[in-house]
1. Toward the positive end of the charge dipole of the chain, about the Cα centre and with charges on Cβ (Lys, Arg +1; Asp, Glu -1), which of MET168, HIS17, VAL71 goes farthest?
2. If I take all pairs of Cα atoms in segment 160-199, what percentage of them are more than 17 Å from each other?
3. Please report Rg over Rh for segment 88-245, where both radii come from the alpha carbon positions and Rh follows the Kirkwood definition.
4. Roughly how many debye, to the nearest 20, is the charge dipole of segment 244-327 about its Cα centre, given +1 on each Lys and Arg Cβ, -1 on each Asp and Glu Cβ, and no other charges?
5. Scan segment 169-267 for chymotrypsin sites (Phe, Trp or Tyr not before Pro) in coil per DSSP, keeping those whose Cβ has at most 11 other Cβ atoms within 10 Å, and list them by number.
6. Nearest 20 debye, what's the magnitude of the dipole of segment 91-186 about its Cα centre given +1 on Lys and Arg Cβ and -1 on Asp and Glu Cβ?
7. Just how much of SER371 is accessible, in Å², when a 1.4 Å probe is used and the result is rounded to the nearest 10?
8. If you put +1 on each Lys and Arg Cβ and -1 on each Asp and Glu Cβ, how big is the dipole of the chain around its Cα centre, in Debye rounded to 20?
Amino acid sequence: MKDLFHVPPGGPYLLSHSVGCLPRSARNALEAGYLSPWETTGGAAWGPWLETIEGFRTALAGMIGADITEVAPQQSVSSALFSLLSGLRPADGRNQVLMSEQAFPTVGYVAQGLERLGFETRLIPAAQSPGDAETWDRHLDAGVAAVVAMHVHSNTGVASPIPEIAAMARRHGALSIVDVAQSAGILPVTPREWGIDALVGSSVKWLCGGPGAAWLWLRQSLTTTIEPLDLGWFGHEDPYEFDIRAFRHAPDARRFQGGSPSIAPFALALAGIETITGIGQRAILDHNRNCIAAFAAAADRTIDMDGRGGTLCLEFEDVARLHQTLAPRGFRYDVRGRCLRASFHAWNEPEEAILLGRAIAEAGLEFRLAS
C-alpha cells in the first residue's frame, strides 16, 4: 500500500489527521483533469473541467452510498456548513444550533456568525462526553433547530453515536448534521443508514486529496426546503440563462454550489478518493488497528479503540519530555494541549508503531487515552 503514496522522507509520518500523503496518481490526475484542457483549449476547458467536478461528485457519492444529485462540492467544511445553516429560518422557540464544546472550532465559528440571523449557539460542556448518547439526550429539546455532531473529534479521537443522535433530533424536530472530516477514508460513512439529514466533509485528511475540496451531502427530500444565502450562478436552476434579475435555486444539491468552482482541488481529491477506495477503507481500518495493537504491545499497555476513529490520541503529563523523546527520532506527529495525536495510515508499518511505543516506554512517559 505504501507504494501508492509519496511519503515524506525521514521518520514515520503520522499526520493523516492533519494532511494525508500525496497519492502517486495525483500528478497525472491534475494534468488530465485541469492543466491539459486549459493548455490545449483555453476557454473551452470549462467542458472537461466540469467533467472533473462531476467525476468527484460521482466518486464521493459512491463512497458514501448516496446519489450524485445529493452532493454539492464545497471549498471547505466551513463554507459547506454556512451554506446549509444559512438556508434555515429560525423560529420563535426553535433557533438553537447545538454542538459539543469538543467540536472542531470552525463549526462553532460558523454558528456564531449566524447569530446575526437570529440563531443561538448552544455548546454542550466539554466535560460531558460527546461519545455518550445520554449526553446528547440531556441537551436535545424543542429549542434546537439543528444539531451538529463530529463523527470523530479531532482532539480526542472519540466518535459520536451518530444513529442515536439522528433519532433524537428527529424526535425533537431538529435537523441532524454530521462533520466527517476526521473519519472519511478510515471509518464507514453511511448517511442514509445513520438516518441523518446532512453531511459535511473534507478531502485533506484520511482521503489524501489535499485542501480546497470539501462537500455537502443533503437528504434529497429536504433539498427544496432549504434556500442558502450564499448564491452564485452554479447554484442556479439554469446557470446559462444569464438573467441578472431572475435567480432560481437548482432543484437538487447543486443549489449549494455558489459561484464558479475551483477545479484543481477536485482533480486532486478525485485521485485521493480513487486511491483510498481502491485499497478499501475496511483494509485501511484493519491495518490501522493492527498498527495500534503493535504500539500498545511495545508500550506494554492495553488500548481499547472501540468507539474511536483512526487517530491515537494520548494525553501526557510531561509534554516537554515527550517532544524531547520523539523529535530527535524523526517522528512526524503533533500535540494539542497535552494530547499526542498519531495516525497510522496505509503507508505506515507495524514496525513504525513499535518504534513509537518503545520510545515512549523507554522514556518512562505516562499517558492515558484522551476522552
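The values are calculated or read from the model by the stated rules, or taken from the named source; none is laboratory data. Source: prediction; values computed, not measured. Cβ coordinates were reconstructed from backbone atoms using ideal geometry, including for glycine residues, and neighbour counts include every protein chain displayed. Heavy atoms of the whole protein, side chains included, go into the accessibility calculation; ligands, DNA and RNA do not. Shrake-Rupley method; radii C 1.70, N 1.55, O 1.52, S 1.80 Å.
1. HIS17
2. Numbers: 180 of 780 pairs.
More than 17 Å apart: 23 percent of the Cα pairs in segment 160-199.
3. On the way: Rg = 16.2 Å, Rh = 16.6 Å.
With Rg and the Kirkwood Rh in hand, the quotient comes to 0.98.
4. On the way: 9 positive and 9 negative charges, 151 e Å.
With Lys and Arg at +1 and Asp and Glu at -1, about 720 debye.
5. Listed in order of number, the matching sites are TYR240, PHE242.
6. The calculation lands at about 180 debye.
7. The value for SER371 is about 80 Å².
8. The calculated dipole for the chain is roughly 320 debye.
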